[in-house]
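Student: One structure is given below, represented as structure tokens, and several questions about it will come after.
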Ligand code: XLS
Ligand code: NI
Ligand code: NI
């Protein structure tokens with residue numbers, strides 16, 4: 001039985017191919033440096049977008065055609081979706097996936113029935129993983145959709161709501177563990193506030209940190225050794241979310257003694273919502289040795305919200321892969337397409353066009369980033385730009401073995417410093433030369 005009978009298993013055909021269901025750059029086993037493209041890129045598909053996103057928007061009904069789905073919240077419908085998703089993974093050759101507990105299984109009449117539903121669907125995932133060799137990059141709990149979480153989950157003003165959230169985290173973590181997940185994500189869409197008039201910020205942050213500590217403790221208890229991540233986002237759906245950007249997350253993790261247990265899962269469109277570039281967010285995380293994984297998408301410069309579009313911008317993919325390569329590659333993380341088709345792209349075939357395009361854009365970015373590193377020109381320029389800190393008075397500053405007295409004396413003895421060009425335009429030309437190939 002095939003759910004996508006018209007779609008072939010997507011193969012690499014090279015840049016000259018005009019087959020819309022072929023890769024032009026992503027060649028899984030081709031080596032770039034000392035690893036294959038598949039090893040570098042570690043692509044994952046997001047269950048919530050592929051299987052559950054009907055493509056509605058705040059002004060209009062869903063448009064997505066999902067002939068396999070009966071549009072009920074029944075357990076049977078949840079089970080029916082599972083083989084569809086795995087056929088999708090097989091045909092796109094995407095090796096990993098990510099899920100929220102509530103994407104894959106419905107709420108029951110009681111919390112314990114809800115957990116039973118999850119267990120049942122996880123068994124179906126387990127069987128499909130065994131059959132196809134597909135793997136779980138990370139799991140997470142949806143602590144933002146249900147009305148009970150309207151005022152927060154780990155930051156709810158109600159201890160009972162908090163307990164519900166904790167119960168969900170426990171079961172989602174156990175499901176992730178059962179499926180051999182390499183990571184577990186916390187994204188706090190409701191962990192923030194709408195107004196400070198009713199908010200005790202300190203109390204909410206303390207409680208949120210406790211939830212993360214409890215999760216770390218529980219992971220130890222059940223033997224889950226995967227990586228925990230926080231995914232920053234400044235707003236949407238909440239007016240202000242505590243995990244607003246890389247710097248805010250790192251500060252929170254440090255303050256509450258969680259930095260040794262967590263890394264960041266950075267999403268491009270969240271970076272731009274926070275008023276940063278993705279490159280900026282990555283540099284901040286990498287400097288703290290805390291870049292774990294990437295939610296690969298992009299925003300639209302003309303729209304101010306999280307459009308979660310598929311990555312197609314080669315500048316962006318090159319910049320992302322440049323930083324991934326420089327940090328030595330992903331370990332537990334990967335490139336998760338947390339991206340949705342446009343509402344107008346409602347046919348199943350569009351799911352394939354979207355992912356094929358994203359995979360090719362990242363494969364191209366990987367090759368360009370590798371060429372940039374190989375040419376060494378930008379790295380040499382940057383090294384030279386800071387070379388004055390490698391010896392003499394600069395080395396004393398770098399090793400913090402000087403004083404204001406010494407620097408004062410030194411500065412008065414030397415000729416006035418002259419300005420050296422930052423060469424931004426030259427560097428942009430060098431970067432472009434490698435994108436052109
Ligand atoms: C929403 C987030 C979400 C997380 C997982 O904006 O990107 O999808 O990745 O909860
Ligand atoms: Ni995301
Ligand atoms: Ni997002």
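Student: When the Cα centres of the stretch 13-30 and the stretch 215-250 are compared, how far apart do they sit, in Å?
Tutor: 36 Å
Student: Please report the orientation-averaged projected area of the stretch 77-204, defined via the convex hull of its C-alpha atoms, in nm². Working shown, then result.
Tutor: Details: hull surface 33.7 nm².
Dividing the Cα hull surface by four gives the mean projection, 8.4 nm².
Student: Hey, got the Cα dimensions of the stretch 147-230 along the principal axes, in Å, largest first?
Tutor: Reported extents, whole Å, longest axis first: 43, 22, 18.
Student: I need the fraction of alpha carbon pairs in the stretch 267-416 separated by more than 23 Å, rounded to a whole percent.
Tutor: Cα-Cα pairs in the stretch 267-416 separated by more than 23 Å: 51 percent.
Student: Can you pull the Kirkwood radius for the stretch 234-331, inverse mean 1/r over Cα pairs, to one decimal in Å?
Tutor: Values: mean 1/r = 0.0724 Å⁻¹.
Its Kirkwood hydrodynamic radius stands at 13.8 Å.
Student: In whole Å, what is the distance between the alpha-carbon centres of the stretch 79-118 and the stretch 301-376?
Tutor: 24 Å
Student: In what sequence, highest mean first, do 180-189, 327-336 appear when ranked by Cβ atoms within 10 angstrom?
Tutor: Ranked from most to least packed, the peptides come out as 180-189, 327-336.
Student: What are the semi-axes of the equivalent ellipsoid of the stretch 328-437, taken as the square roots of 5 times the eigenvalues of the Cα gyration tensor, listed largest first and rounded to whole Å?
Tutor: 47, 17, 14
Student: Sticking with this structure for a sec: Run the numbers on the chain and let me know its relative contact order in percent, using alpha-carbon pairs under 8 Å that are six or more apart.
Tutor: Relative contact order comes out at 15 percent.
Student: Would you mind listing how long the stretch 1-141 runs along its three principal axes, going by Cα atoms, in whole Å with the largest first?
Tutor: Extents along the principal axes, in whole Å: 53, 34, 32.
Student: By counting other Cβ atoms within 10 Å of each Cβ, how are 230, 320, 378 ranked from fewest to most?
Tutor: Starting with the residue having the fewest Cβ neighbours, the order is 378, 320, 230.
Student: Give the whole-number value, in cubic angstrom per residue, of the convex hull volume spanned by the C-alpha atoms of the stretch 97-153.
Tutor: Once divided by residue count, the hull of the stretch 97-153 is 73 Å³.
Student: I need the semi-axes of the equivalent ellipsoid of the stretch 33-98: take the C-alpha gyration tensor, multiply each eigenvalue by 5, square-root it, list largest first in whole angstrom.
Tutor: Three semi-axes, in Å: 29, 15, 9.
Student: If we sort 366-374, 264-272 on the protection proxy, mean other Cβ atoms within 10 Å, highest first, what's the order?
Tutor: Highest-to-lowest ranking by the protection proxy: 264-272, 366-374.
Student: P(r) for the stretch 328-391: what percent of alpha-carbon pairs falls in each 10 Å bin, starting at zero?
Tutor: That works out to 16, 29, 25, 18, 9, 3, 0, in percent per bin.
Student: Which percent of the Cα-Cα distances in the chain go past 40 Å?
Tutor: In whole percent, the share of Cα-Cα pairs in the chain beyond 40 Å is 23.
Bear in mind these aren't lab numbers, they're just calculated from the coordinates by the rules spelled out. Small disclaimer: the values here were computed from a predicted structure and weren't measured. Ideal geometry is used to build each Cβ from the backbone, glycine not excepted, and the neighbour counts take in all protein chains shown.
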